[in-house]
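Notes follow the structure.
Just so you know, all these numbers are worked out from the coordinates, no wet-lab data involved. Because the structure is a prediction, the values reported are computed rather than measured. So basically every Cβ, Gly included, is an ideal-geometry build from the backbone, and we count neighbours across all protein chains shown.
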Amino acid sequence: MTFTDRTRVIYLIILILFLLVIGFFVLDHYQLIEADEIFPILAKKPATVEWDKESPTEVEKLEFQKAKERLLEDINEIEKAKRQLAMEKEKIKNENEMLDQLKQGIDLKEKELKEKELEEKNRQARIKVMAEKISGMPPNKAVEMLQNWPDEDIIQVFIQMDKNAEAEGTQTITTYLLTLFPPERRASITNKWMDSEVDDSSDLL
């Protein structure tokens, strides 16, 4: 074999080996064969990841997210408590206003009642004074003065005169005084007097 033939053979062998290698890698690329199983030296090492010490890990991120959610829940609870407290304050305020109004109403009623009691007391005192005065006057003069009075006042004075006469054990003159009034006025006073006695007896029942 000449030098030229030998060279050709070498080149041919090199070409065949080259094609085999290329074909091997092509087949491995398309995952038709597992090159790292045939030649372990060709096994790919997993890429190493260099962690940034200042960057948070996934666990830290998760913990931070949970802490954030808990904080939001606490804030919501606080806001809810504030709203409930505001509602309670408003309710208490309204109740206090209602109590103040009721107290004012009670105070006003008590004031009106005391004024009425005082007015009635003064009225009864005036009635007693007028009953004594009329009892000591001549009948005609007494009737002349009573003519200008309302029927109700005359009746109250006559009732007091009857009480005074009964307490003193003397005869009352109210019946005689009634006879000195004009007939129409006498009838009006008598009817109202009888009606008032009926009302008083009904109240007792």
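Tell me, what ³J(HN,Hα) does each residue in the range 174-188 have, in order and in whole Hz, if you take phi through Karplus 6.51 cos²θ - 1.76 cosθ + 1.60 with θ = phi - 60° and put x for Gly and Pro?
Result, rounded to whole Hz: 5, 5, 5, 5, 4, 5, 8, 7, x, x, 5, 5, 5, 5, 5.
Lysines near residue 114 by alpha-carbon distance under 19 Å, same-chain residues fewer than 8 away left out - which ones?
Filter leaves 103.
Fully extended, how many nm does the chain gain between residue 121 and residue 13 (0.36 nm per residue separation, minus their Cα-Cα distance)?
That pair, residue 121 and residue 13, stretches by 24.3 nm at full extension.
Please compute the length gained on full extension between residue 111 and residue 86, using 0.36 nm multiplied by the number of residues separating them and subtracting their Cα-Cα distance.
Working it through step by step, the gained length comes to 5.3 nm.
How far apart, in nanometres, would the label points at residue 170 and residue 152 be if each is projected 7 angstrom from Cα along the Cα-to-Cβ direction?
3.0
How high is the relative contact order of the range 62-195, given as a whole-number percent (alpha carbon pairs under 8 Å, six or more residues apart)?
RCO, the range 62-195: 20 percent.
Applying the Karplus parametrisation 6.51 cos²θ - 1.76 cosθ + 1.60 with θ = phi - 60° to the phi angles of the range 133-141, what ³J(HN,Hα) value in whole Hz is obtained for each residue in order, glycine and proline being reported as x?
Using θ = phi - 60°, the values come out as 5, 5, 5, x, 9, x, x, 5, 5 Hz.
Near residue 68, which lysines are there with a Cα under 27 Å away, not counting those fewer than 8 places off in the same chain?
Partners within reach: 53, 80, 82.
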